[in-house]
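Accompanying notes for the structure given below.
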Amino acid sequence: MNGNEKAMSCEELQKLAMNGKQPGGAANDAEHAAWEAHLAHCASCAAYQETQLELRTRLRELAAETAAEQAPWRIEALLRREVAALGPRKESPWNRRGLALAVLAAAAVLVAAVVLRQSSQPVAPVAGVQPPPSIGAPPEISDSAEAAAENATAAGDFVLLPGGIPDDGDDSAILRVRLQRADLGSMGMPVNEEASGEWVLVDLLVSADGQPQAVRLLR
Amino acid sequence: MGTMPTAQNPPEDDLLRRAARGEEAAFVQIYRAHQATLYRFALRMTGSAWNAEEIVQESFMALLRNAERYDASRGELGAFLFGMARNFVRKRTARGPAELPFADDGELPFGTSAAAHAGARGGVSPAELAEQTQRIEQVRRAVLELPEEFREAVALCDLEEMSYEEAAKLLDCPIGTIRSRLHRGRALLAAQLEILRERPRKVVNR
């Protein structure tokens, strides 16, 4: 200081520090000079300055330690599944409501099919499509029945839904949907109760009238 | 935390609307822009990686459930998200003091493993590494013992190295409030660390 600058008080120095100004930082040249001059004569502010510098150093050490921290990838994966559940099924017209309507329609078709088959010749099996184990009987929900269905689908074959009508024409379409095993149960497929909430990817063989006739479980 | 909207970076309110309708790509863009800052804030406020993960998850879930409440004209999406995170942090810290857990396998708390790696790389002696680790742990505990409003200011300005303006936007308070809280938080930290020093500081009259 050349004697012309105003001497800084302890309160002014602490105010500058509180506002983030310090020598070498945001303080201008005049403030810097007054600051240094004050520290040369004030032991308590010198101690305060030293403490603040040490504190800044230690906080920077802690900051550097945690600078690379971020949420683990599983959080993103979990949230993405939640987001996917918010939207409609993108690739298939079969949302849950549509499936429920299809099940009701399939049940009506089943009744009609039972009545018709009682007076018709046995249906010839369609290549690649296996008939249900028994006509008219409700499917047994058991490990062996579910395993049998899964084995059939694992072989790439469609399994006829109860009441489904084999269709070897060109009017059928295959829809790939993601649904819970419980939905398969509502279509009449055997499902293990414990796994009913599990999500699976399936192909639905849909006839020209839009009704699912058979299902293939994808792995 | 905000960026100018472009074709590659659409406005965040548009992304949020699309995410709330189930568009994963839109959600991922929002998530990856904000998750790290949010996680570090929660980690530094609670002292627990597990709590920080829960807070991040809960914050983004709350964001999706309350997407219609976000008004871009009132502030950036980051601030909206931070407001939710702060509430979840408060709920956790209200249950008790900040935790300083060790994992069951004896793993050190966050903030110390990196020091070990850095020491191994830089050829720091075991004694120096132990001293540095202890120093960092002292500061970490002192930060966790700060009152919540001071801890927030220290976490954002000193640890995340945000400017006063950025921190004020996130905490939705005036810049002067941030300065005041930071100053008092640092004063409390300094006092706490003075107590922990092995030798009292010598005050020399120049």
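Over the range B:145-197, Cα pairs under 8 Å with separation of 6+ residues give a relative contact order of 41 percent. Only protein heavy atoms count here; on that basis, with a 1.4 Å probe, B:Met61 has an accessible area of about 40 Å². Residue-wise HN-Hα couplings along the range B:155-164, as the Karplus relation 6.51 cos²θ - 1.76 cosθ + 1.60 with θ = phi - 60° gives them from phi, are 4, 7, 8, 8, 8, 8, 6, 7, 6, 4 Hz; Gly and Pro carry x. Other protein chain C-beta atoms within 10 Å of residue C-beta, averaged over B:178-190: 3. Annotation for A:Arg74 and A:Ala33: the two label points, set 7 Å from Cα along the Cα-Cβ direction, are 6.2 nm apart. Summarising the label geometry, the points placed 7 Å from Cα in the beta-carbon direction at A:Leu86 and B:Arg32 lie 1.8 nm from one another. Between A:Gln14 and A:Ala195, the simple label model (points 7 Å from Cα in the Cβ direction) yields a spacing of 7.1 nm. Between amide H atoms placed 1.01 Å from N, distances below 5 Å from A:Phe158 occur with A:Gln130, all of them 5 or more places distant or on a separate chain. If you plug the beta carbon distance of A:Arg56 and A:Gln180 into 1/(1 + (r/R0)^6) with R0 = 60 Å, you get a FRET efficiency near 0.60. Near A:Arg176, the amide H atoms lying under 5 Å from its own belong to A:Leu204; only residues 5 or more places off or on other chains count, and H is placed 1.01 Å from N.
Let me know the mean shielding of A:48-55 by other chains, meaning the per-residue number of their Cβ atoms within 10 Å of its Cβ. That average works out to 4. Mean per-residue shielding of peptide B:24-37 is 3, counting Cβ atoms of other chains within 10 Å of each Cβ.
The values are calculated or read from the model by the stated rules, or taken from the named source; none is laboratory data. The model shown is predicted, which means the values in this text are computed figures rather than measured ones. For neighbour counting, all protein chains shown are included, and Cβ atoms are generated from backbone atoms with ideal geometry for every residue, glycine included. Surface accessibility is based on the protein's heavy atoms, side chains included, excluding ligands, DNA and RNA. Shrake-Rupley method; radii C 1.70, N 1.55, O 1.52, S 1.80 Å.
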